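Below is one structure; the comments refer to it alone.
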Amino acid sequence: MSTLSNAATRDIETMIHPYTNLDAFRTTGPLILEKGEGITVWDTDGKDYIEGMAGLWCTALGYSEQELIDAATSQMEQLPFTHVFGGKSHEKAAELAERLKAIVPHDASKVLFCGSGSEANDQQIKLVWYYNNARGKPNKKKIISRIRGYHGVTVVTASLTGLPANHAEFDLPLPGILHADCPHYYRYAQDGESEDEFTTRLANNLDEMIQREDPETIAAFIAEPIMGAGGVVIPPESYFPKIQAVLGKYDIYFIADEVICGFGRTGNMFGSETFGIKPDTVSVAKALSSAYIPIGAVTIGGDMYEAMLEQSRKIGTFGHGFTYTAHPVAAAVACKTLEIYEKRDIVGHVRTMAPTFEKRVAALADHPLVGNSRAKGLIGAVELVADKATKRAFEASQGVGATCMNNAQNHGLIVRAMGGDIVAFCPPLIINDAQINEMFDRFEKGLDDTEAWVQKEGLR
């Protein structure tokens with residue numbers, strides 16, 4: 001075991017790290033990153049890594065983008081903070097709201113800002129409850145999320161999240177949060193079931209759930225176009241049209257969680273466009289500022305805004321908001337980020353790079369460890385299995401996915417292992433062909449190391 005550095009020891013003794021085995025971490029210590037440029041980051045020993053996850057699905061423009069640094073610096077010098085409570089505002093807040101309204105995939109009337117994707121989705125639930133109270137439908141409050149969906153870590157959004165580790169010992173999910181089927185065809189299709197039959201079954205199951213619970217109690221359905229932390233689950237093409245047909249029968253509000261897919265990731269500005277989703281509202285964060293400054297937002301349609309006006313007349317105020325709602329520095333960086341996406345045609349670049357990325361992900365399906373590979377635009381994953389023919393998974397305790405992630409890191413690539421031994425790829429959107437190929441060359445070395453380890457340890 002290597003001796004931990006002073007910085008690593010200080011980290012262990014002072015920090016709580018999210019999504020980390022806190023006990024094992026006391027031995028392994030952190031990977032401490034020191035600088036970044038483009039798609040590359042360096043640790044304190046000077047070793048370089050391709051950031052194959054854009055941080056946490058978020059650093060779309062890569063590291064050290066000077067225009068974003070300048071936007072933050074300029075705003076810090078001019079107006080480092082003000083709030084938007086009580087009718088106060090600033091220029092960048094209005095500019096950012098205008099920019100968002102112009103590009104989101106629904107008819108947005110207003111924008112409500114916040115600090116993260118978790119906060120955005122938390123706001124969504126508060127607003128839909130508020131909306132139905134205004135409409136005289138006080139019983140229409142239940143929310144349908146999905147198994148393996150990820151929507152955040154607040155008490156409400158962790159309840160929406162359909163992953164066991166987000167619920168265990170936290171006394172979650174809350175009552176009134178339901179979870180529909182996960183549209184992962186590879187893992188959940190029945191024997192001999194076509195994709196179309198699979199999506200019909202899921203839509204019928206949703207319809208039955210709604211009827212069982214009583215449609216007059218169901219307020220909203222929330223979904224990521226592509227499930228991110230649940231395993232980069234890319235739904236069959238017919239999935240969302242069938243789901244939306246069911247929701248339309250029962251006056252159920254559709255919340256599109258675009259926190260990961262938004263701003264070009266799938267080859268369109270929003271994942272909703274890629275999958276034919278027609279949402280009532282969207283949640284955004286992460287790539288909204290290329291993650292340089294924390295910021296999130298919820299878009300609000302005309303009907304919702306009218307309900308908010310009515311509630312304000314009745315109550316005397318809109319009783320919600322955060323200290324950092326529409327923070328001027330965050331708003332300035334987000335404005336510049338959206339400007340860069342447009343002037344550099346980031347969506348067009350993603351479409352140009354996607355064939356190389358998707359081809360390299362698809363080729364991984366031939367590896368003896370890979371049961372399934374999948375990609376759309378510049379997001380993808382491989383699912384590691386013990387038996388390719390039967391899709392038999394490894395035991396979770398064997399840690400095959402985590403070992404693969406660590407092996408890739410040894411070869412200078414940061415990826416992310418998730419439940420079910422799924423390893424995800426989500427590089428900065430600025431990545432080029434040569435860098436994509438280098439990224440997967442490094443990953444294949446880590447994958448080969450993992451296969452050798454599996455054989456040596458007899459894990460099959």
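Checked against (1) among the aromatic types (Phe, Trp, Tyr); (2) within 27 Å of SER290 (Cβ to Cβ); (3) surrounded by fewer than 24 Cβ atoms within 10 Å (Cβ to Cβ), PHE357 passes all but condition (3).
If you check GLY316 against the conditions, is it surrounded by fewer than 18 Cβ atoms within 10 Å (Cβ to Cβ) and either touching a residue at least 40 places away in the same chain (Cβ under 8 Å) or within 24 Å of the chain's Cα centre (by Cα) (or both)? So GLY316 fails the test.
Picking from ALA219, ALA203, ALA165, which residue would you name as being touching a residue at least 40 places away in the same chain (Cβ under 8 Å), loosely packed, with under 12 Cβ neighbours inside 10 Å and either at positive phi or in the same structural domain as LYS140 (by TED's automatic domain parsing) (or both)?
The match here is ALA165.
Only one entry of ILE300, ILE277, ILE340, ILE293 meets the criterion of being assigned to a helix (DSSP H, G or I), among the β-branched types (Val, Ile, Thr), touching a helix residue (DSSP H, G or I) at 6+ places or on another chain (Cβ under 8 Å) and modelled with pLDDT of 95 or more, and that entry is ILE340.
Note on region 101-124: residues that are over 17 Å from the mean Cα position of the chain (by Cα) and either modelled with pLDDT under 95 or over 11 Å from SER283 (Cα atoms) (or both) amount to 9.
Looking at region 2-15, I want the residues that are over 13 Å from ASP45 (Cα atoms) and have a partner that is in a helix (DSSP H, G or I) with Cβ atoms under 6 Å, at least 6 apart or on another chain. Which pairs are those? These pairs meet every condition: ILE12/ARG26. Residues that are in contact with a strand residue (DSSP E or B) (Cβ under 6 Å, 6 or more places away or on another chain) and within 16 Å of VAL104 (Cα to Cα) within region 302-346 comprise just one, GLY302. Checked against (1) in contact (Cβ under 8 Å) with a residue 40 or more places away in the chain; (2) of a type in the set (Ser, Thr, Tyr); (3) outside any strand (DSSP E or B), SER145 meets all criteria but (3). Among the residues of region 254-275, is there at least one that is in the same structural domain as SER145 (by TED's automatic domain parsing), on the phi > 0 side of the Ramachandran plot and over 17 Å from the mean Cα position of the chain (by Cα)? No: region 254-275 contains no residue that is in the same structural domain as SER145 (by TED's automatic domain parsing), on the phi > 0 side of the Ramachandran plot and over 17 Å from the mean Cα position of the chain (by Cα). Kindly indicate whether ILE69 is of a type in the set (A, V, I, L, M, F, W, C) and either touching a Ser or Thr at 6+ places or on another chain (Cβ under 8 Å) or part of a strand (DSSP E or B) (or both). In short, no. Where helices (runs of 4 or more DSSP H) sit wholly within region 177-272, those with at least 2 residues that are β-branched (Val, Ile, Thr) occupy 195-213, 239-249. Counting the residues of region 29-66 that are among the hydroxyl-bearing types (Ser, Thr, Tyr) and outside any strand (DSSP E or B) gives 3.
Yes or no, residue by residue, for (1) assigned by TED's automatic domain parsing to the domain that holds GLU95; (2) touching a strand residue (DSSP E or B) at 6+ places or on another chain (Cβ under 7 Å); (3) among the charged types (D, E, K, R); (4) surrounded by fewer than 23 Cβ atoms within 10 Å (Cβ to Cβ):
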| residue | (1), (2), (3), (4) |
| --- | --- |
| VAL111 | yes, yes, no, yes |
| LYS137 | yes, no, yes, yes |
| GLY152 | yes, no, no, no |
| VAL155 | yes, no, no, yes |
| ILE177 | yes, yes, no, yes |
| CYS182 | yes, yes, no, yes |
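Count of region 416-436 residues, restricted to those that are on the phi > 0 side of the Ramachandran plot and surrounded by fewer than 24 Cβ atoms within 10 Å (Cβ to Cβ), is 1.
Does GLU310 satisfy the condition of being under 19 Å from VAL350 (Cα atoms) and either acidic (Asp, Glu) or touching a residue at least 12 places away in the same chain (Cβ under 8 Å) (or both)? Taking the combined requirement at face value, the residue does not satisfy it.
What tally of residues in region 45-91 results from selecting those that are basic (Lys, Arg) and not assigned by TED's automatic domain parsing to the domain that holds GLY271?
Residues flagged as basic (Lys, Arg) and not assigned by TED's automatic domain parsing to the domain that holds GLY271 within region 45-91 amount to 1.
Here ARG374 meets each of (1) part of a helix (DSSP H, G or I); (2) touching a residue at least 12 places away in the same chain (Cβ under 8 Å) with one exception, condition (1). Summed over region 1-28, the residues that are assigned to a loop (DSSP other than H, G, I, E, B) and either under 30 Å from the mean Cα position of the chain (by Cα) or assigned by TED's automatic domain parsing to the domain that holds GLY412 (or both) give a count of 7.
For first residues located in region 425-437 and among the aromatic types (Phe, Trp, Tyr), partners that are not in a loop (DSSP other than H, G, I, E, B) and lie 6+ apart or on another chain with Cβ distances below 8 Å form the pairs PHE425/PHE357; PHE425/VAL361; PHE425/ALA375; PHE425/ILE379; PHE425/GLY380; PHE425/ALA381; PHE425/MET439; PHE425/PHE443.
The values are calculated or read from the model by the stated rules, or taken from the named source; none is laboratory data. On a predicted model such as this, the values are computed, not experimentally measured, just so you know. All Cβ positions, glycine included, derive from the backbone under ideal geometry; neighbour counts span all protein chains shown.
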